[in-house]
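A.B. asks: Have a look at this one.
The values are calculated or read from the model by the stated rules, or taken from the named source; none is laboratory data. The structure presented is a predicted model; accordingly, all values stated were derived computationally and were not measured. Cβ atoms come from the backbone with ideal geometry, glycine included; neighbour counts cover every protein chain shown. Heavy atoms of the whole protein, side chains included, go into the accessibility calculation; ligands, DNA and RNA do not. Shrake-Rupley method; radii C 1.70, N 1.55, O 1.52, S 1.80 Å.
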Amino acid sequence: MSIFNSIKDKILGKPTPAPAAPAKPAAAPVMSGTAAAAIAAGKAAAAAQPVQAPRPAAQPVDVAAVLDAAAKAKGIKLNWRESIVDLLRTIDLDSSLAARKELAAELKYSGTHPDGSAEKNIWLHKEVMKALAANGGKVPSGMGK
């Protein structure tokens, strides 16, 4: 699993799979008389049942609330709002240089700043916030733009 998908799952939650379509019933044996009429009447009644309306789209996840709660639960001061390292630590993900380098590759970093530089870490943080916003997260004002 990619590092960004791990971030997304930890903050936004894992997507719930769509319900499976009901299986087609096996072909009914040939019947005659009242049994066939009863089955046909049952099928007609089932077809007359109202179709359930689709569920409304999920509300955006408040990224700040999730991360603030996670940081508070840790009992140490973590500046996830500005630091990609602290953001990763807040959600119990690897914040090492190697992990951040892999995350930068996933997010298509094309700059010239060296790995581990403040500029690259700032870019990473901003891109993670943009990607969270694009995937249903409500990020704090000014982040993800």
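A.B. asks: List the pairs whose first member sits in region 124-145 and is over 26 Å from His113 (Cα atoms) and free of Cβ contacts under 8 Å to residues at least 60 places away in the same chain, whose second member is assigned to a helix (DSSP H, G or I) and open to solvent by less than 80 Å² (accessible area, probe 1.4 Å), and whose Cβ atoms are under 7 Å apart, counting only residues at least 6 apart or on separate chains?
C.D. replies: From region 124-145, no pairs qualify.
A.B. asks: Across region 130-145, which residue is most open to solvent (accessible area, probe 1.4 Å) among those that are among the basic types (Lys, Arg) and within 19 Å of the chain's Cα centre (by Cα)?
C.D. replies: Applying the filter and picking the extreme gives Lys138.
A.B. asks: Further question: Please enumerate the residues belonging to region 117-129 that are crowded, with 16+ Cβ neighbours inside 10 Å and either over 12 Å from Ile84 (Cβ atoms) or not basic (Lys, Arg) (or both).
C.D. replies: Within region 117-129, Asn121, Trp123, Leu124, His125, Glu127, Val128, Met129 qualify.
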